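Chemist: Dumping the structure here so I can ask a few things about it.
Bear in mind these aren't lab numbers, they're just calculated from the coordinates by the rules spelled out. Note that the structure is a prediction, hence the values are computed from the model and not measured. Counting neighbours? That spans all protein chains shown, and the Cβs are built from the backbone with ideal geometry, glycine included.
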Amino acid sequence: MTDPTAPRPSPDAFPDTFLWGGATAANQIEGAHDQGGKGVSLQDVLPRGLTGPRTSHPTPDNLKLQGIDFYHRYAEDIALFAEMGFSVFRFSIAWSRVFPHGDDELPNEEGLAFYDRVLDELEKHGIEPLVTISHYETPLALAEKYNGWTSREMIGCYERYVRVLFDRYGHRVKYWLTFNEINSVLHAPFMSGAITTPKEELSRQELYQAVHHELVASALATKIAHETVPDARVGCMVLALPVYPLTPHPSDALAAMHADHANLMFGDVHVRGAYPGYALRHMRENGIELDITDEDRELLTHTVDFVSFSYYMSVCETADPELRTAGEGNIMGGVPNPALQASEWGWQIDPTGLRIVLNQFWDRWQKPLFIVENGLGAKDELIHVDGRPTVNDDYRIAYLNDHLVQVAEAIADGVDVLGYTTWGCIDLVSASTAQMSKRYGFVYVDRDDDGNGTLARHRKKSFDWYADVIRSRGASLLRGDGTP
Ligand code: BG6
């Protein structure tokens, strides 16, 4: 996978302050969907993730209802993260645990107390929390009442929620992310934007108005944090997807630029505080007339402290309509790259793309960057070594190793990288397919796609590998030719 001819990063590429850890989301780990006063979230009615229809109410075949039972096992799990040497742990707060219907008069104290306990545990192990405020888990009632982010009412609901979070946890949490993969609303309007209108019936006007409301809400959260929590550092979170032209033809390069722009717009607004010209043109030419108030414009000027992103793959783009329909690379669209291999779920593996995107974002925004998701979803086989259950996940080690080598390259290029949290540091329920068998973790969780299993935790081979990487600050990473 790696390019052995590539130049080597300096051995001390990762600074001492670099944050090493893992990432999760409430709806994929917590379970306890009806405990502690929690309300119903939109994930509770998505038993097949993005691959099937939503249900009218939570159904027992939805693995997220139990998740991996982090709600009860958080102390054990955090101890395992500490054993690997994590200095940061990314998790999300379930909005429906704090406001069960999203617009309740008072927050749910039992829900807030749960996150107090999680923070206590992290503090005990000296692990920095990195909190996602909204990660694909909007209270279902808000989706049904307002059609999600298409409605301006959502800004007020979100504002009340973030005020409660900053008030309660502001003194203990420094790093905040406003919305997970905010640009994904363009492709997954219900999961990402709580929009109930079926995707094929949703107008561009409604969709971009929803985008605008989220962008304003994100800026408002940043403003509130800066005013009320002096040490807070607020980041946006985007799904990073480098887009390559399928051929050297200029029209393919232009198609790639347009696809890139659709995603970059989100970071541009968060960092520059206003819509870029290409986005205004796109809206003008597609008959989209945003309802933007003067207050909105002022709010957007409250820009983020850093940019965080997920990175799993790159895609290609082409202007040729016949090739354009040749296949979908992933939920964000795009054309598969003939030069790359793919995971068992068809996600194309491109470590170099991570270096490219780090450079692109740094050149463009000059803001510290945080890689808050990266990893390989794969099927694991539980075996026994010396009587101990484990997984020989060399494929996962290779994937993460190769991506971290590219992070080191980007740091050597001069990019300011705050840290790296691998996605699904403990096995969890997949977002796109709602399966357990699409595993990302260093820790195996005994649960299958039918919901059977003891939920016992087992260290995989990658557990020791990651512990070594962290302990050595990346010096144990291997290049493609097997050298450090
Ligand atoms: C990101 C999401 O899109 O990718 C996560 O922020 C998700 O919630 C991750 O789990 C991996 O995707 P999947 O579908 O393999 O779980």
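Chemist: Arrange the peptides 339-347, 209-217 so that the one whose residues have, on average, the most other Cβ atoms within 10 Å appears first.
Modeler: Listed from highest to lowest mean packing, they are 209-217, 339-347.
Chemist: Related question: May I ask which residue of Leu130, Ser96, Pro107 lies farthest towards the positive end of the charge dipole of the stretch 87-147, with charges of +1 (Lys, Arg) and -1 (Asp, Glu) on Cβ and the Cα centre as origin?
Modeler: Leu130
Chemist: Follow-up. Could you list which residues have their amide H under 5 Å from that of Cys316, counting only those 5 or more apart in sequence or on another chain, with H placed in the peptide plane?
Modeler: Distant-sequence amide H within range of Cys316: Tyr244, Val335, Asn337.
Chemist: Which one, Ser343, Tyr420, Gln35, is farthest towards the positive end of the dipole of the chain when Lys and Arg carry +1 and Asp and Glu -1 on their Cβ?
Modeler: Positive-end residue among those listed: Tyr420.
Chemist: Something else now. So what J values fall out for the stretch 287-294 if you push phi through Karplus, 6.51 cos²θ - 1.76 cosθ + 1.60 with θ = phi - 60°, rounded to Hz, Gly and Pro as x?
Modeler: Karplus-based 3J(HN,Hα) across the stretch 287-294 equals x, 9, 10, 6, 7, 10, 8, 4 Hz.
Chemist: Using 0.36 nm times the number of residues separating Lys124 and Asp413, minus their current alpha carbon distance, what extension gain do you get?
Modeler: 100.5 nm
Chemist: How large is ³J(HN,Hα) for each residue in the stretch 306-314, as worked out from phi by the Karplus curve 6.51 cos²θ - 1.76 cosθ + 1.60 (θ = phi - 60°), to whole Hz, x for Gly and Pro?
Modeler: 8, 10, 10, 7, 9, 9, 10, 6, 10
Chemist: Can I ask one more? Relative to the Cα centre, what is the charge dipole magnitude of the stretch 355-453, using +1 at the beta carbon of each Lys and Arg, -1 at the beta carbon of each Asp and Glu, and rounding to the nearest 20 debye?
Modeler: The calculated dipole for the stretch 355-453 is roughly 280 debye.
Chemist: Based on the mean of other Cβ atoms within 10 Å per residue, sort peptides 190-196, 472-478, 57-63 so the most packed one is first.
Modeler: The densest-packed peptide leads the list: 190-196, 472-478, 57-63.
Chemist: What residues qualify as long-range amide H neighbours of Phe370, i.e. H under 5 Å apart, gap of 5 or more or another chain, H built at 1.01 Å from N?
Modeler: Val307, Ser308, Phe309, Leu418
Chemist: Moving on. Run the quick spin-label model on His171 and Asn359: label points 7 Å from Cα toward the beta carbon, then report their separation in nm to one decimal.
Modeler: 4.6 nm
Chemist: Would you work out the relative contact order for the stretch 343-410, in percent, from Cα pairs under 8 angstrom that are 6 or more residues apart?
Modeler: 43 percent
Chemist: How much of the pair distance distribution for the stretch 159-309 lies past 21 Å, counting alpha-carbon pairs only, in percent?
Modeler: Result: 49 percent of Cα pairs exceed 21 Å.
Chemist: Quick one: putting +1 on the C-beta of Lys and Arg, -1 on the C-beta of Asp and Glu, what dipole do you get for the chain around its Cα centre, in Debye to the nearest 20? Walk me through the numbers on the way to the answer.
Modeler: Details: 42 positive and 69 negative charges, 92 e Å.
Here the chain has a charge dipole of around 440 debye.
Chemist: I'd like the distance separating the alpha-carbon centroids of the stretch 113-187 and the stretch 71-111, in whole Å.
Modeler: Their Cα centres are 10 Å away from one another.
Chemist: Still on this structure, please answer the following. How large is the helix-only mean residue ellipticity at 222 nm for the chain, computed as the sum of -39500 (n - 2.57) over DSSP H runs with n ≥ 4, divided by its residue count, in deg cm²/dmol to the nearest 500?
Modeler: Taking each H run of at least 4 residues, the total per residue is -11500 deg cm²/dmol.
Chemist: How much net charge surrounds Pro245 when only the other residues with a Cβ under 12 Å from the Cβ of Pro245 are counted, with Lys and Arg +1 and Asp and Glu -1? Don't skip to the answer; put the middle values down first.
Modeler: Working: positive: none; negative: Asp252, Asp260, Glu317, Asp320.
Its environment carries a net charge of -4.
Chemist: Where nothing but the Cβ of Lys and Arg (+1) and of Asp and Glu (-1) is charged, how large is the charge dipole of the stretch 118-237 around its Cα centre, in debye to the nearest 20?
Modeler: Details: 12 positive and 16 negative charges, 47 e Å.
Dipole magnitude for the stretch 118-237 comes out near 220 debye.
Chemist: Relative contact order for the chain: what is it in percent, counting Cα pairs under 8 Å that are at least 6 residues apart? List each step's numbers first, then the result.
Modeler: Values: 1005 pairs, mean separation 91.2, N = 484.
Averaging sequence separation for qualifying contacts and normalising by length gives 19 percent for the chain.
Chemist: Could you calculate the contour length gain from Ser476 to Ser343, that is, 0.36 nm times the residue separation minus the distance between their Cα atoms, to one decimal place in nm?
Modeler: Between Ser476 and Ser343, full extension yields an extra 45.4 nm.
Chemist: Within 13 Å, Cβ to Cβ, of Tyr175, how many net charges do the neighbouring residues add up to if Lys/Arg are +1 and Asp/Glu are -1?
Modeler: +1
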